[in-house]
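Structure first, then comments.
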Amino acid sequence: MTENHYNVLFLCTGNSARSIMAEGIMNSKGRPRFAAYSAGSHPSGTVRPEALRQLAAAHILTDGFRSKSWEEFSKPDAPQLDFVFTVCDGAAKEVCPIWPGQPMTAHWGVPDPAAVKGTEEEIRRAFRDAFFMLDRRISLFLCLPLATIDGFALKTKLDDIGRQ
């Protein structure tokens, strides 16, 4: 990890909702110390409009989001990652690419709002709930004293945040 600047990758299977929202939240709350990215093991190719609406409702810019493969972040010209968080159980169980630099990893499982079937209000509530769960975890993460905490203690704290 470089002093004072960290690159964070949020992974999911489709890279259409949870990882997109996490990228937006981190880039909104974490700049300039953090740069966030998102990707999927099997990208859907589209970003869910409900995820973009949730970001916009939180006054987070929604320009430039796209569903992309995690392979983009394992290439030599990709940003060197300091943290990789899986936000869905599917991606957590898959064999990930080898990340250059051996970033710190943790699983922050969040229920999939895109899987919810129901009324428009039920779907909206699922996206809102996922957003607030990610927002809380990212806010807790941003409070950690990263420069002064050792690797084992940091890994323990990241896992604890994932259970919140």
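Failed condition for LEU61, given (1) within 15 Å of LEU134 (Cβ to Cβ); (2) in contact with a helix residue (DSSP H, G or I) (Cβ under 9 Å, 6 or more places away or on another chain), with all others met?
LEU61 satisfies every listed condition except (1).
Output the qualifying pairs, or none if there are none: Cβ atoms under 6 angstrom, residues six or more apart or on different chains, first residue in region 119-141 and within 14 Å of LEU52 (Cα to Cα), second residue surrounded by 14 or more Cβ atoms within 10 Å (Cβ to Cβ) and among the basic types (Lys, Arg).
ALA130/ARG18
For region 126-161, name all the residues that are under 12 Å from MET104 (Cα atoms) and in a helix (DSSP H, G or I). Write out each step before concluding.
Filtering region 126-161 down to residues under 12 Å from MET104 (Cα atoms) leaves 146, 150-159.
Listed by number, the residues that qualify are LEU146, GLY151, PHE152, ALA153, LEU154, LYS155, THR156, LYS157, LEU158, ASP159.
Can you tell which of ASP82, ASP129 is at pLDDT 90 or above and farther than 25 Å from LEU154 by Cβ? Steps first, please.
Details: ASP82 fails: farther than 25 Å from LEU154 by Cβ.
Criteria check complete, one pass: ASP129.
Can you say whether ARG53 is among the charged types (D, E, K, R), in contact (Cβ under 8 Å) with a residue 12 or more places away in the chain and touching a helix residue (DSSP H, G or I) at 6+ places or on another chain (Cβ under 6 Å), as far as the supplied structure shows? Show your work before the answer.
Numbers: among the charged types (D, E, K, R): yes; in contact (Cβ under 8 Å) with a residue 12 or more places away in the chain: yes; touching a helix residue (DSSP H, G or I) at 6+ places or on another chain (Cβ under 6 Å): no.
No.
Any idea which of (1) without any contact (Cβ under 8 Å) to a residue 60 or more places away in the chain; (2) outside any loop (DSSP other than H, G, I, E, B); (3) more than 20 Å from CYS143 (Cα to Cα) is the one SER19 doesn't satisfy?
(1)
Please find, among GLY24, GLY90, the residue that is within 15 Å of the chain's Cα centre (by Cα), modelled with pLDDT under 95, farther than 27 Å from PHE152 by Cβ and assigned to a helix (DSSP H, G or I).
Values: GLY24 fails: modelled with pLDDT under 95.
GLY90 is the lone residue from the list that is within 15 Å of the chain's Cα centre (by Cα), modelled with pLDDT under 95, farther than 27 Å from PHE152 by Cβ and assigned to a helix (DSSP H, G or I).
Considering ASP77, ASP112, ASP150, ASP135, which residue is surrounded by 15 or more Cβ atoms within 10 Å (Cβ to Cβ), out of contact with any strand residue (DSSP E or B) (no Cβ under 6 Å at 6 or more places or on another chain), of a type in the set (D, E, K, R) and over 21 Å from GLY30 (Cβ atoms)? Reasoning before the result, please.
Values: ASP77 fails: surrounded by 15 or more Cβ atoms within 10 Å (Cβ to Cβ); ASP150 fails: surrounded by 15 or more Cβ atoms within 10 Å (Cβ to Cβ); ASP135 fails: over 21 Å from GLY30 (Cβ atoms).
Every option except ASP112 fails the conditions.
The values are calculated or read from the model by the stated rules, or taken from the named source; none is laboratory data. Given the structure is predicted, the values throughout are model-derived calculations rather than measurements. Cβ: placed from backbone, ideal geometry, glycine included. Neighbour counts: every protein chain shown.
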